[in-house]
1. All but one of (1) under 25 Å from Thr208 (Cα atoms); (2) assigned to a strand (DSSP E or B) hold for Tyr149, so report the exception by its number.
2. Of all residues in the range 192-222, which are closer than 26 Å to Asn257 by Cα, out of contact with any strand residue (DSSP E or B) (no Cβ under 6 Å at 6 or more places or on another chain) and of a type outside the set (S, T, N, Q)?
3. Kindly indicate which of Ser218, Ser190 is touching a Pro at 6+ places or on another chain (Cβ under 7 Å), hydroxyl-bearing (Ser, Thr, Tyr) and either buried (at least 21 other Cβ atoms within 10 Å of the Cβ) or more than 30 Å from Leu167 (Cβ to Cβ) (or both).
4. Within the range 85-139, how many residues are among the hydroxyl-bearing types (Ser, Thr, Tyr), surrounded by 14 or more Cβ atoms within 10 Å (Cβ to Cβ) and touching a residue at least 60 places away in the same chain (Cβ under 8 Å)?
5. Residues in the range 200-207: is at least one more than 22 Å from the chain's Cα centre (by Cα), part of a loop (DSSP other than H, G, I, E, B) and polar (S, T, N, Q)?
6. Name the residues in the range 219-237 that are touching a helix residue (DSSP H, G or I) at 6+ places or on another chain (Cβ under 9 Å) and either modelled with pLDDT under 95 or aliphatic (A, V, I, L, M) (or both), would you?
7. Considering only residues that are more than 25 Å from Arg261 (Cα to Cα) and either in contact with a helix residue (DSSP H, G or I) (Cβ under 7 Å, 6 or more places away or on another chain) or free of Cβ contacts under 8 Å to residues at least 40 places away in the same chain (or both), which ones fall in the range 177-191?
8. Filter the range 233-265 down to residues that are assigned to a strand (DSSP E or B) and of a type in the set (Lys, Arg) and give me whichever is nearest to Gln202 (Cα to Cα).
Amino acid sequence: MKACPLFLALATALATAPALADDSFRSPDVKKALAAGRAAILAERAGLARKAAPTPEEVGDADSFGRNVKWLGLLSGYIYLLPDCSVPGEPADPRCITLNPAGAPTPFAAEDVAVVTLPGRSSHSLICHWQTPIAGVAFANYGATRAPYQFRVFPTYRIESEVLDGLSDPNTGTPYNGAIEVGVGAINVSGYLEPGDFVLEQFTQTRTCIGGIVSKRSLVNGYGLTEAQARRFFREPITIRMSLQGQATLVDSANINFGTRLTGD
């Protein structure tokens, strides 16, 4: 039997995920961008003095334009899934998740698998992610009938800052309580196994930044902070916690490691 995993858009499949990370960046209106670009070109040709910085309509992200990339740190979270996590004579391993029997779905949530704290002023206007999941998964159907399998896992990043204390989501009114959470899509595969099938899969891929997991622009436009609060956000320490969530069906075992390099401007 030839396995054909279906790589689906995680944003569609994971309806319960936290807000999408800001790498879902959308460019400014095309007509406005073209008009701003033409105006800038004409001004330069006419020898007019250049303004202090280009606008978002000209370059998309004006806050980070022309700034150097800064290396900010690294998170690495590891968990594994087994039918039985117990080892005689040894304490339970919190990284091990016990799979439900008989092909029943196993939802899982591993909290705080990695954490970093960035000093104040580590970045000017954004925090970028270079996220690389590496997962090895064994699918097996020990039943007597054809059955669906599924394996999905994605990280959430809890971003904590004292600047968020006392602030609330402008859309729902829910207090932030000092933190916001964003999810970044990763692995979501599904298909069918015939009775007796056993399939091994290896997943390795990288997702890099675009708009970052948090930015000055997203804090103002998406989270309701003022310009002054957004500037202060990057001047104060920031703690980032990684958690892993997902679901496994007809999974015999799995090893999951998410490595995320953080950069800024």
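1. (1)
2. Scanning the range 192-222 gives Asp197, Ile210, Gly211.
3. Numbers: Ser218 fails: touching a Pro at 6+ places or on another chain (Cβ under 7 Å).
Being touching a Pro at 6+ places or on another chain (Cβ under 7 Å), hydroxyl-bearing (Ser, Thr, Tyr) and either buried (at least 21 other Cβ atoms within 10 Å of the Cβ) or more than 30 Å from Leu167 (Cβ to Cβ) (or both) holds for just one of Ser218, Ser190, which is Ser190.
4. In the first step, residues of the range 85-139 are kept if they are among the hydroxyl-bearing types (Ser, Thr, Tyr); the result is 86, 98, 106, 117, 122-123, 125, 132.
Subsequent filtering for residues that are surrounded by 14 or more Cβ atoms within 10 Å (Cβ to Cβ) retains 98, 106, 122-123, 125, 132.
Filter once more, so that each one left must be touching a residue at least 60 places away in the same chain (Cβ under 8 Å): 106, 122-123, 125, 132.
Residues in the range 85-139 being among the hydroxyl-bearing types (Ser, Thr, Tyr), surrounded by 14 or more Cβ atoms within 10 Å (Cβ to Cβ) and touching a residue at least 60 places away in the same chain (Cβ under 8 Å): 5 in total.
5. Within the range 200-207, none of the residues are more than 22 Å from the chain's Cα centre (by Cα), part of a loop (DSSP other than H, G, I, E, B) and polar (S, T, N, Q).
6. Initial filter on the range 219-237 (touching a helix residue (DSSP H, G or I) at 6+ places or on another chain (Cβ under 9 Å)): 219-220, 223, 225-227, 229-237.
Answer for the range 219-237, where residues must be touching a helix residue (DSSP H, G or I) at 6+ places or on another chain (Cβ under 9 Å) and either modelled with pLDDT under 95 or aliphatic (A, V, I, L, M) (or both): Leu219, Val220, Leu225, Ala230.
7. Here is the first cut: in the range 177-191, the ones more than 25 Å from Arg261 (Cα to Cα) are 177, 190-191.
Correct list: Asn177 only.
8. Result: Arg261.
The values are calculated or read from the model by the stated rules, or taken from the named source; none is laboratory data. This is a predicted model, so every value here is computed, not measured. No Cβ is skipped: glycine too gets one built from the backbone with ideal geometry, and neighbour counts run over all protein chains shown.
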